[in-house]
Amino acid sequence: MQVHSNYSLRALNTFGVEAKAVRFTEINSEADLSALFAESEWKNLPRLILGGGSNMLFTADYQGLVIHMKIPGIRFERKGDDIFVSAGAGVVWNDLVNYCVDHEFAGIENLSLIPGSVGASPVQNIGAYGVELQDVFQSCRAFEIATGKIRVFSKEDCRFSYRDSVFKSELKGQYIITEVSFKLSANFNPKLSYGAITEELQKRGIVEPCIKDVSAVISHIRVSKLPDPATIGNAGSFFKNPVIPQARFEKLKTAFPEMVNFSAGEGFVKISAGWLIESCGWKGKRFGNTGTWKNQALVLVNHGGSTGSEIYAFSESIIESVNSKFGIILEREVNII
Ligand code: FAD
Ligand code: EPU
């Protein structure tokens, strides 16, 4: 295993901003992690676990060791109608989705085209189009940095909630996920209620969609709304959709009857952060090379040449603006480094 110095991370973050890692290494197996942390030199440095860099904003060089997860491999086992699929942390999330769609394993087709790695998927409990990772999560293996031991986390251990898990809170920085296992099904039970899925299927004349149809339609909708990081730097939604108590929502709704909202369980309402930002006049706005996406105000973009600190400063202005109009403080979804 090689450790590089002053390694450029520009190609390894989807915002495409320049930042260097003082030290950088690539991990291809659990044994690589054991070997790395057997050396006290690496154990004592600050460290950052990097997957696809699609939920990160580098605002400065990283003064420590960046550990790039590349553990490969997908395998599965059938038990009746249940299919247990396991994938290495370094597998590209959408490669796993395509593998499952091709094998007709149902459960993750609504999560088509989300960038990033399998290893990061439990960290923020990725979600889209009415499905969250927790709906199909079986377990994950993770390397405990302090002890060098592997621990298997069950769904309960992960304490998943909207864009959150134990890996982002209590156990932040303590474990490195090496493999994730999913419980999928041979029986396809399509989830079509979110957004324009049904409408798009109708347009295509599809009455009884198969797994491949749902994946294709969701991919199509995503491409129409979100910028492709290969062309325009971004990290998807920059902020979370705020969840507020119902009573507070009722008051806001009186002043802003158009406010886009979704139910968030008993007594709570999720407000569309995209709508809040757009309502403050930010949609498609651009200062220098930084802006919000023309079709989705929740997505901050690097039109080319932005620095991480410029994007961060832009996000601060949005937070201030939304707070002063609605009294809601947006929380960033993207990890600021
Ligand atoms: P990184 O950005 O590399 O890391 C994210 C966090 O996870 C960091 O804190 C990192 O330290 C940690 N981490 C990474 N790997 C590991 C590991 N193996 N063990 C422990 N910690 C680890 N997200 C959604 O939920 N839904 C969407 O619909 C969605 N759409 C997106 C669309 C676009 C165009 C983009 C650019 C992003 C989108 N995202 C979405 C956000 C992003 O794709 C997800 O958060 C994804 O899971 C990040 O994966 P990554 O490998 O790139 O993680
Ligand atoms: N809206 C606006 N203006 C905007 C954007 C959105 O008014 O600029 C309103 C519209 O009414 C729209 C509604 O908000 O119909 C919902 O928009 P969208 O379907 O694009 O979803 P979102 O709430 O903005 C969330 C996730 C996305 C995920 C989509 C689809 C968060 C923070 N974001 O976005 O995840 O792909 O739903 O499920 O929860 C990500 O996390 O990076 C991400 C892209």
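Any residue at all in segment 248-267 that is out of contact with any Pro (no Cβ under 7 Å at 6 or more places or on another chain), within 16 Å of ligand 1 (Cβ to nearest atom) and of a type in the set (Asp, Glu)?
No, the conditions are met nowhere in segment 248-267.
Determine if segment 271-278 includes at least one residue that is open to solvent by 60 Å² or more (accessible area, probe 1.4 Å), under 29 Å from residue 111 (Cα atoms) and more than 15 Å from ligand 1 (Cβ to nearest atom).
Yes, because at least one residue in segment 271-278 is open to solvent by 60 Å² or more (accessible area, probe 1.4 Å), under 29 Å from residue 111 (Cα atoms) and more than 15 Å from ligand 1 (Cβ to nearest atom).
Residue 156 passes all but one of (1) among the charged types (D, E, K, R); (2) within 13 Å of ligand 2 (Cβ to nearest atom); (3) part of a helix (DSSP H, G or I); which number fails?
(2)
State all residues of segment 275-290 that are within 22 Å of the chain's Cα centre (by Cα), closer than 18 Å to residue 261 by Cα and more than 8 Å from ligand 2 (Cβ to nearest atom); if no residue qualifies, say none.
Scanning segment 275-290 gives a single hit, 276.
Please state which one of 170, 199, 179 is charged (D, E, K, R) and part of a loop (DSSP other than H, G, I, E, B).
After applying the criteria, what remains is 170.
When you look at residue 311, is it closer than 27 Å to residue 116 by Cβ and within 16 Å of ligand 1 (Cβ to nearest atom), yes or no?
Spelling it out, residue 311 is indeed closer than 27 Å to residue 116 by Cβ and within 16 Å of ligand 1 (Cβ to nearest atom).
Here is a yes/no grid of residues against (1) at positive phi; (2) among the charged types (D, E, K, R); (3) in a helix (DSSP H, G or I):
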site	(1), (2), (3)
231	no, no, no
254	no, no, yes
258	no, yes, no
269	no, no, no
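Tell me which strands (runs of 3 or more DSSP E) are completely within segment 1-92 and hold 2 or more residues being small (Gly, Ala, Ser), or say none if there are none.
Once the strands (runs of 3 or more DSSP E) in segment 1-92 are filtered for at least 2 residues that are small (Gly, Ala, Ser), what remains is 3-8, 82-88.
Restricting to segment 290-324, count the residues that are touching a helix residue (DSSP H, G or I) at 6+ places or on another chain (Cβ under 7 Å) and not β-branched (Val, Ile, Thr).
So the answer is 6.
Here's a check for you: in segment 111-141, which residue that is hydrophobic (A, V, I, L, M, F, W, C) and part of a strand (DSSP E or B) is surrounded by the most Cβ atoms within 10 Å (Cβ to Cβ)?
That would be 140.
Taking segment 196-240, which residues are among the hydrophobic types (A, V, I, L, M, F, W, C), within 13 Å of ligand 2 (Cβ to nearest atom), at pLDDT 95 or above and surrounded by fewer than 18 Cβ atoms within 10 Å (Cβ to Cβ)?
Result: 223, single match.
Being under 19 Å from residue 227 (Cβ atoms) and of a type in the set (Phe, Trp, Tyr) is the filter here, so list the residues in segment 300-337 that pass it.
312, 314, listed by residue number.
Scanning segment 1-24 for residues that are of a type outside the set (A, V, I, L, M) and more than 18 Å from residue 306 (Cα to Cα), which turns out most open to solvent (accessible area, probe 1.4 Å)?
2
Scan segment 44-55 and tell me whether some residue there is surrounded by 22 or more Cβ atoms within 10 Å (Cβ to Cβ), hydroxyl-bearing (Ser, Thr, Tyr) and in contact with a strand residue (DSSP E or B) (Cβ under 8 Å, 6 or more places away or on another chain).
No, the conditions are met nowhere in segment 44-55.
The values are calculated or read from the model by the stated rules, or taken from the named source; none is laboratory data. The model shown is predicted, which means the values in this text are computed figures rather than measured ones. Glycine also receives a Cβ, built like all others from the backbone with ideal geometry; neighbour counts cover every protein chain displayed. Remember, those area values only see protein heavy atoms, side chains included, never the ligands or the DNA or RNA. Shrake-Rupley method; radii C 1.70, N 1.55, O 1.52, S 1.80 Å.
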